[in-house]
Structure formats: C-alpha cells, structure tokens
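Note sheet for the following structure.
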Ligand SMILES: C[S@@+](CC[C@H](N)C(=O)[O-])C[C@H]1O[C@@H](n2cnc3c(N)ncnc32)[C@H](O)[C@@H]1O
C-alpha cells in the first residue's frame, strides 16, 4: 500500500482502515491528495459545500464528507439504478457506518443530464461548492454537461476533480476537458493525479487560473516525493503531476 496521508485525522483513519471495504473505483492515492486539499481549504477559510456527481456506494463521497467543516454539507448525485435498485440504500448505510451524520449527507437521486443549474443551486441552498468530484457517465456529452453544472455553482477558490482521465477504456472523454478549458481560459489544470491501477485511474484537478499557483505550491510542499519532475506540458504553462512511483526513463 502506498504510504500517503491527507493530514486530516478522520479521512486518514478511513483511508487506513475502511477504504477498501466500501466498493468503488477511486484510487486511495488520489483520495489522500483530494483530502489534503479539502483540509487546506478549510484551514484557509474557504467554506462551502462538497459535491459529487456519481457517488456509487460512497467510497469517494465518504472520504470527502469526513473533511466537512462545521456547518457544511456534502451533496451527492447519482441515478442510483446501477447495478441494482439497492444501491441508494447501500450508499446511506455506508455513509452512516463511516461516521457521516445523516443531516450532513444529502443524496439526490437524479440524472445529471436532466437537472438545471437552478435545481442544483436550490439543492445546495445557495452555498457555493468548494470541492466537486465528477465521476458519472464516461461520455464526452455527459462530462461536458457536468462541467457546466459544476461551473455554475463553483466557489471562486473551488476545485473540480475529474475521474478516469486518460483511462485506456475511455480515451475520448479527456477531449471534453480540453474543449472546456479552451472555452474557459480563466480555468486551468492544477494537477494530474496519476493512476494507481486500471481500476483506480488518473484524476485531473482544475481550478481558476488565479488560484492555481497557490494550490500548486501547497501540493508540492505536501507531496514533493510523489512529484513527476517533468510536469504536464499544457503548451502555455506546466501543470503539476503527482504519481505513486515517480521516475524518469534512463537515458
Ligand atoms: C464509476 S461510478 C462512481 C464511483 C465513485 N465515485 C467512487 O469513487 O467509488 C459511476 C456512478 O455514476 C452514476 N451515473 C452515471 N451517469 C450518471 C448521470 N448522468 N447522473 C447521475 N449519476 C450517474 C452511476 O450510477 C454510478 O453509480
């Protein structure tokens, strides 16, 4: 197991003891890095809601919600119809079993393609989203929709985390991200979190251009030993890459 921690006691306890017991697809490596950012946001006074599209049984959602600051809530959207109708119940059982108080976990059974930004704002009770994880249908059409939804509710200093980037099974979805970044020059790639495994794939972190360097410096300070020295070439800037086993080809 890769030795990595978020620095948040409850998240790290979950990652060490229970993470593998909740069925899901996010990598432990990536969740520790996201947990670190969620903790740092709270320390920096960045408040709001935590949000996921595609909760499945709650693996990422629970880790994220354990990082809620007092008074905040976490909202999770899922169709809750796959692989069977019992999934919504299992999501709530898992949340309760791992310490998420019922009033702080808000599940919304919906298809993200059928809701509007106004519906979402209402569910969030007007609170901006400081951290969003997008992990729903792996198509360009759905990811484009989900990015626009998240953008509509994102805190100024918010972070969007996108799952299964560069996944060999979904080679096209990353193009929706580049189209989005071309439409939104104020948003930039903050970090590529490399994959652990084909079932625990890479994530992208995205945020506003004017807060990217601050978050990047924070990630570098916390996770220097996982840094890929060459970074990610985004043509007009380089983005951070964190990888479980950093190395360069020998030449
Ligand atoms: C890969 S799983 C999510 C895994 C989870 N985030 C984790 O880290 O363990 C994808 C989930 O997205 C849900 N989903 C797919 N398309 C959706 C959509 N358009 N709206 C809401 N949920 C969707 C599926 O029902 C499924 O539970």
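Of all residues in segment 48-59, at least one satisfies being touching a residue at least 40 places away in the same chain (Cβ under 8 Å) and part of a helix (DSSP H, G or I).
Conditions tested, residue by residue: (1) within 16 Å of the ligand (Cβ to nearest atom); (2) modelled with pLDDT under 95; (3) surrounded by fewer than 24 Cβ atoms within 10 Å (Cβ to Cβ).
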residue	(1), (2), (3)
5	no, no, yes
35	yes, no, no
39	no, no, yes
47	no, no, yes
65	yes, no, no
68	no, no, yes
82	yes, no, yes
87	yes, no, yes
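Report whether or not residue 96 is without any contact (Cβ under 8 Å) to a residue 12 or more places away in the chain and either assigned to a strand (DSSP E or B) or over 24 Å from residue 27 (Cα atoms) (or both). No.
If you check residue 249 against the conditions, is it modelled with pLDDT under 95, more than 20 Å from the chain's Cα centre (by Cα) and not in a strand (DSSP E or B)? Here the answer is yes, as residue 249 does meet what is asked. Scanning segment 139-186 for residues that are surrounded by fewer than 16 Cβ atoms within 10 Å (Cβ to Cβ), more than 25 Å from residue 236 (Cα to Cα) and touching a helix residue (DSSP H, G or I) at 6+ places or on another chain (Cβ under 6 Å) yields one hit, 152.
For segment 22-30, does any single residue satisfy the condition of being within 15 Å of the ligand (Cβ to nearest atom), farther than 23 Å from residue 121 by Cα and touching a strand residue (DSSP E or B) at 6+ places or on another chain (Cβ under 6 Å)? Among the residues of segment 22-30, at least one is within 15 Å of the ligand (Cβ to nearest atom), farther than 23 Å from residue 121 by Cα and touching a strand residue (DSSP E or B) at 6+ places or on another chain (Cβ under 6 Å), which makes the answer yes.
So that you can scan it fast, the table gives a plain yes or no per residue for (1) within 11 Å of the ligand (Cβ to nearest atom); (2) assigned to a loop (DSSP other than H, G, I, E, B); (3) surrounded by fewer than 19 Cβ atoms within 10 Å (Cβ to Cβ); (4) on the phi > 0 side of the Ramachandran plot:
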{"residue": "75", "(1), (2), (3), (4)": "no, no, no, no"}
{"residue": "91", "(1), (2), (3), (4)": "yes, no, no, no"}
{"residue": "106", "(1), (2), (3), (4)": "no, no, yes, no"}
{"residue": "118", "(1), (2), (3), (4)": "no, no, yes, no"}
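If you check 58, 54 for being in contact with a strand residue (DSSP E or B) (Cβ under 7 Å, 6 or more places away or on another chain), modelled with pLDDT of 95 or more and near the ligand (Cβ under 9 Å from one of its atoms), only one passes: 54.
Residue pairs whose Cβ atoms lie under 7 Å apart, separated by 6 or more positions or on different chains, with the first residue in segment 141-153 and over 21 Å from residue 171 (Cα atoms) and the second within 10 Å of the ligand (Cβ to nearest atom) and not in a helix (DSSP H, G or I), are 150/134.
The residues of segment 234-251 that are surrounded by 10 or more Cβ atoms within 10 Å (Cβ to Cβ) and under 23 Å from residue 187 (Cα atoms), listed by number, are 234, 237, 238, 239, 240, 241, 242, 243.
The values are calculated or read from the model by the stated rules, or taken from the named source; none is laboratory data. Values in this document were obtained by computation on a predicted structure and should not be read as measured data. Note that we place each Cβ from the backbone using ideal geometry, even for glycine, and neighbour counts take in every protein chain shown.
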